[in-house]
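Single-structure report; data block below.
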Amino acid sequence: MTTIPDIPAPEVPQPRFVIRAITVIGIALSLFQLYAAGVQPLGLFFQRPIHLGFVLVLCFLLYPAFGRGKARGPLGWAIDGVLILAGIAAGAWVPLNIDTIANQIFPRPIDVWMGIVTIIVVLEAARRAVGLGMTLIGAFFIVYAFAGNRGELPFLADWMPGILNHRGYSLDRLASQMTLGAEGIFGIPLGVAATFVFIFVLFGAFLEVTGAGKFFIDLAYAAAGKQRGGPAKAAVIASAGMGSISGSAIANVVTTGAFTIPLMKRLGYRPAQAGGIEAAASTGGQIMPPLMGAGAFLMSEFTRMPYVDIVLVSIFPAILYFGTVYLLVHIAAVKQGMQGLSAEELPSVRKVLAEGWHFLLPLVALVILLVAGYSPMRVGFYAILAIMAAASARALWDFQRNGPTADRFVAMCRRGVALTLEALDLGARNAVAVSVACAVAGIIVGVVGLTGLGLKFSAMMIAFSGGNIVLALILVLLASLVLGMGLPVTAAYIVLIILVGPALTEQFGMPILIAHLVVFWYSQDSNVTPPVALAGFAGAAIAGSKPMETSVQAWKYAKGLYLIPLFMVFNPEIILGGPLPLVLWSGAIAILGLVAFAAALEGYLWGPMSVWMRILLVPGVVALFWPNLTVEIVGSLLIALLLGLNWSVARRSAGDAGPRPAASGS
């Protein structure tokens, strides 16, 4: 079963020396990453193994052998002690022996043994930090590599369909493939985690400890709190803001949901509805530029496109997603007759900006540096310096304004140092799960490359879909849902794009960037789709509702997650560009289609919608996705007619009710 790392079982307190060790190692890892990002870039066979060594040690200290809810005991310490030493060895072996490894033709026995040790500790770290599902998938791929006629487990070849069969590989070959080159554990996934992802996770940690999270939430409430269903709309806006600094939908839920869900319940939303809205909005944070979790960095590496280009083309689809959630929230609020919060209950926009305007400066600097063409890792480094400078300048301003004294200056400096160390520690801890997941993803990438599984999987996909792109996308969606039950979003995206990417691009002719965006978007669905909806479960925990009911609500509000990728496929100009009139037309019908879909789903827009109108809206929406201009125009006219009729009926009903308020009391 999948675990939810962000809301773990009650922990047994760690001994003081372990807590200190975790803090020291976490700070050391963050300083190492800052050095590599902004002072002296390192080669991949230094950066990646050293990063992995730090992460493995942190993982085995943070997650005891028998679970966080149990004390280690002598046996646990014996196991973890061996694994910690093995993790150090795994991280140090390649950097210390790089000259020998680079100049040898065949691996030495000691290299093979170190490869085996590295694979074992990575799989065990994944079990603890990510969940058993990730470990089992990694182990499955290793067994698959052995299962050919010449492999270590030739008897398994008889159990595999012919299309999946392969020659099989020895333990020596697999171990060297996994750890002595750039196509296994130390491949692209870990490379992205050890560079771009870590530095931006650290940036998020600095924003968090300096109070940026509260600033974004307060700003969202100040902007939307007075409207109907205000807290729900504030949840959507706050989740978009937090999504730009958070790498996890679940972390987004527990951060913003702690404020938004209780207020939604107080306003009249059912507990499951409140939790579902927050889960759907927080999932959008994973597709919100500039960070997009780790997706933008991985896409940049896989597609060989500049990171800033990935960010720019992702802005409009993300706006469409949040706009759809916002509209569904608005319709639900109007249908239930909800009102917003009073001005006395809300923070003032002016006051919020006065207290936290400096948090916007690092984000502005980040965007400017990206557009200027700096590498993402260097941009992250300068963004961290920017948030430190902004926080320090604000502290000095407050110090000067409130009357400078020697004692207050010392207290300010101590607080600054404490917050810096806390951010360095927090950033390292937050990066453990994604780095371990990427290390296991490297095992999968290595085996796929070794056995040619990607091409075979593509052939199977073509066969199952019969060459129909819609059926192929449904298969991708189902595969992402199954993988998402046991893998984090980043790992699910990597596995899927390796397996189905060649089919989408080569067999169906999909542009490579759109293929990656579609797979990445669909990889998010495990956050909001029953039976395992991790963000929905986190929202249920805060709302005090049933997990499955909350997940159904999250799935309902996150429908844009399924429709917008389809629109990218059939209207690629919205991503890839083209003649301006065509791009504007595609953008307009995308908005129209999502509005019509929301109205058909809820049976309400400006007023209640008849069943026949809802039924007729469905073919109109389908027509907007049809790759034919005439069909799109007909669909647009049908939708415009139906929505215009709904507006007219609603306006007439409101006019009739106006002069006779007593008659409308029912």
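In percent, rounded to a whole number, the relative contact order of the range 485-572 is 28, using alpha-carbon pairs under 8 Å and six or more apart.
For the peptides 320-326, 272-278, 99-105, the ranking by mean Cβ contacts within 10 Å, running from highest to lowest, is 272-278, 320-326, 99-105.
Relative contact order of the chain, taken over Cα pairs closer than 8 Å and 6 or more residues apart, is 17 percent. When you count the other C-beta atoms within 10 angstrom of each residue and take the mean per peptide, 509-521, 459-471 line up highest first as 509-521, 459-471. Cross-linked pairs K233/K546; K214/K265; K265/K556; K351/K559; K351/K556; K70/K214: Cα-Cα separations exceed 30 Å for K351/K559; K351/K556; K70/K214. In the chain, helices alone account for a calculated mean residue ellipticity at 222 nm of -24000 deg cm²/dmol, with every DSSP H run of four or more residues adding -39,500 (n - 2.57). Highest mean packing comes first when the peptides 38-44, 106-112, 123-129 are listed by Cβ atoms within 10 Å, giving 123-129, 106-112, 38-44. Computed on the range 99-156, with alpha-carbon pairs under 8 angstrom and 6+ residues apart, the relative contact order is 15 percent.
Take the solvent-accessible surface of the protein heavy atoms, probe 1.4 Å, and return the percent of it on the chain that carbon and sulfur atoms account for. Looking at the chain in its full context, I get 69 percent from C and S.
Which label marks the calculated value of Rg/Rh (Cα atoms, Kirkwood Rh), given the options (i) 0.99; (ii) 1.02; (iii) 1.15? Matching the structure shown: (i). Taking the longest Cα principal axis of the chain as reference, the axis of helix 376-401 is set at about 70 degrees. Relative to the longest principal axis of the Cα atoms of the chain, the long axis of helix 271-284 lies at roughly 60 degrees.
What you get for the chain, charging only the Cβ of Lys and Arg (+1) and of Asp and Glu (-1), is a dipole of about 1260 debye around the Cα centre. Ligands, DNA and RNA are left out, and with a 1.4 angstrom probe the accessible area of the chain is 41 Å² per residue. As a calculated quantity, the FRET efficiency between R408 and I633 at R0 = 56 Å, using C-beta atoms, amounts to about 0.25. For the Cα trace of the range 65-194, dividing Rg by the Kirkwood Rh returns an Rg/Rh value of 1.01.
The values are calculated or read from the model by the stated rules, or taken from the named source; none is laboratory data. Here the structure is a predicted model, which is why all the values come from computation and not from measurement. Because the Cβ atoms are built from the backbone with ideal geometry, glycine has one as well, and the counts that use them run over all protein chains shown. Areas reflect the complete protein model, heavy atoms only, side chains present, ligands, DNA and RNA absent. Shrake-Rupley method; radii C 1.70, N 1.55, O 1.52, S 1.80 Å.
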